[in-house]
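First up is the structure itself, then whatever we jot down about it.
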Amino acid sequence: MTNNVTNHILSKKKITYSWLWLILLTVLSAYNEDIFALFTLNKSLFIGCVLFIVFLKGQQIIDVFMELSQAPKLWRNLLLGYVTLLPIIIGLIYLLSFEFK
Amino acid sequence: MPELEVLTKEKRLPGDLAMWFFILAELTVFAILFIGFSVAEQLNSDMFTEGKAKLHQISGLINTITLITSSFFVALALNSMHQGKGGQAAKLLVIAKLVALIYIAVKIWEYNSLFDQHIDIETNTFFTLYFMITFFHLMHVLLGMVILIFIAVKAAKNDYNASNISGFEAGASYWHMVDMLWIILFPLVYVI
């Protein structure tokens with residue numbers, strides 16, 4: 001049992017890199033609109049980019065912080081499905097709204 | 001030896017199964033709220049644009065960074081716990097809670113700032129949903145902090161050991177769920 005648990009230890013280095021990546025993505029997400037305005041890119045692309053960042057951050061939390069990268073696939077996939085499907089649904093709601101405007 | 005090899009390669013769900021079902025239920029409730037918010041935004045786009053302009057995006061950014069940082073310390077605490085260092089894990093959890101206190105302080109400041117502008121839950125649909133979702137999330141943060149206190153005390157007393165940390169893992173997973181919900185809430189309410 002001890003060996004089983006020991007096998008699941010993620011290194012502090014990996015956790016720290018994950019944290020720094022999450023901070024970088026957060027700042028990028030917050031200032032994304034300014035970046036897009038600078039290059040006069042459209043709003044759909046901006047929303048898509050923000051929602052993709054949500055997926056990337058969710059994946060880090062699930063795999064590294066929650067340690068689900070080493071859990072049974074069902075549980076990892078359930079949570080990854082959440083951070084994949086929810087941004088897609090939200091994105092579609094915005095996209096459909098743009099289509100009908 | 002081959003038996004040991006099979007054992008070490010076995011996939012293991014951290015924490016209690018019941019906690020993961022609870023986490024799935026919480027995620028479902030928030031998913032409904034997030035989808036409801038998105039639909040309401042499309043039906044009242046001008047109102048939502050004006051409402052979002054009255055929010056402090058910087059406070060949303062600070063809160064995201066504090067929750068991610070708090071989660072980072074909880075992940076480090078779990079790492080220490082895996083190595084049987086209960087005392088160190090407890091100290092890291094205290095840091096995680098102190099960082100989370102910044103989130104609570106900023107949230108209270110944000111609410112007060114809106115109340116000073118005579119904005120409350122009844123102002124319009126945007127603020128009804130804003131207060132409902134963020135306050136519901138805040139309640140989860142508070143519950144998460146209670147859970148972190150509980151597991152920190154147990155870790156300090158060395159009630160967990162390297163092979164029996166299921167309770168600790170369950171508490172940590174709950175906290176990471178609270179963090180994960182905020183990373184969806186933040187862009188939806190403050191950024192998009």
Conditions (1) more than 9 Å from chain A (Cβ to nearest Cβ); (2) surrounded by fewer than 15 Cβ atoms within 10 Å (Cβ to Cβ): number failed by B:Gln83: (1)
For B:Ile121: the one exception among (1) modelled with pLDDT of 95 or more; (2) outside any helix (DSSP H, G or I): (1)
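For the stretch B:104-123, indicate whether the set of residues that are under 16 Å from the mean Cα position of the chain (by Cα) and within 14 Å of another protein chain (Cβ to nearest Cβ) is non-empty.
no
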Among (1) closer than 25 Å to A:Tyr82 by Cβ; (2) not in a helix (DSSP H, G or I) - the single one B:Asp179 does not satisfy: (2)
Breaking point among (1) within 29 Å of A:Gly48 (Cβ to Cβ); (2) within 8 Å of chain A (Cβ to nearest Cβ), for B:Phe131: (2)
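The values are calculated or read from the model by the stated rules, or taken from the named source; none is laboratory data. Keep in mind that this is a model prediction, so the values were computed, not measured. Glycine gets a Cβ as well: all are built from the backbone with ideal geometry, and neighbour counts include every protein chain shown.
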